[in-house]
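The values are calculated or read from the model by the stated rules, or taken from the named source; none is laboratory data. Small disclaimer: the values here were computed from a predicted structure and weren't measured. Cβ: placed from backbone, ideal geometry, glycine included. Neighbour counts: every protein chain shown.
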Amino acid sequence: MSYMMGIDVGTTGTRAVIVRPDGQVVGAATGDHEPMRMPKPSWAEQDPANWWEATIQAVRAALEPVETATADERATLVTESLFGPQQTLYGLLGADAARHIDDLVENSGLSSSETLAALFDLEMKGYIRQLPGKQFIRVML
């Protein structure tokens, strides 16, 4: 699964946020850095090395929920980001046993064309792959 990260360097800390493509936040953290100094009126100074250290701290902490997720938790994250036919088919597929397309059509309640379109989308997103003999299987995330 792909994620996006936003980083904001503020006056007293740097914030990192990890989000899924659907916008759901999966991790967020702040790394503290030295506050802004004002040596003269209208001047503001900060040490970029402090920003960098705070950025590293924030990014590592924000990534923890993503890095420590089990395969089942990652599969749940994928399932929550899918809708309609894609979610139905992804739920029918396992990571340990391939399923034939006819079995997927029969058990999903979808038409053949709906099934093929949803399987294609899932494969393009990297969530599943097709095996020889019209078999499909989840990709381990």
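Structural remarks
- Residues that are at pLDDT below 80, surrounded by 13 or more Cβ atoms within 10 Å (Cβ to Cβ) and not charged (D, E, K, R), drawn from segment 66-88: VAL66, ALA69, ALA75, LEU77, VAL78, THR79, SER81, LEU82
- Filtered residues of segment 97-122 (kept if among the charged types (D, E, K, R) and in contact (Cβ under 8 Å) with a residue 12 or more places away in the chain): ARG99, ASP102, GLU114, ASP121
- Hits in segment 89-106 - residues which are at pLDDT below 90, more than 21 Å from the chain's Cα centre (by Cα) and of a type outside the set (A, V, I, L, M, F, W, C): ASP96
- The number of residues in segment 6-57 being part of a helix (DSSP H, G or I) and under 18 Å from the mean Cα position of the chain (by Cα) comes to 0.
- Tally of residues being out of contact with any Pro (no Cβ under 9 Å at 6 or more places or on another chain), surrounded by 13 or more Cβ atoms within 10 Å (Cβ to Cβ) and among the polar types (S, T, N, Q) across segment 108-123: 0
- When the criteria are applied in full, LEU131 fails the requirement of being surrounded by 14 or more Cβ atoms within 10 Å (Cβ to Cβ), on the phi < 0 side of the Ramachandran plot and at pLDDT 90 or above.
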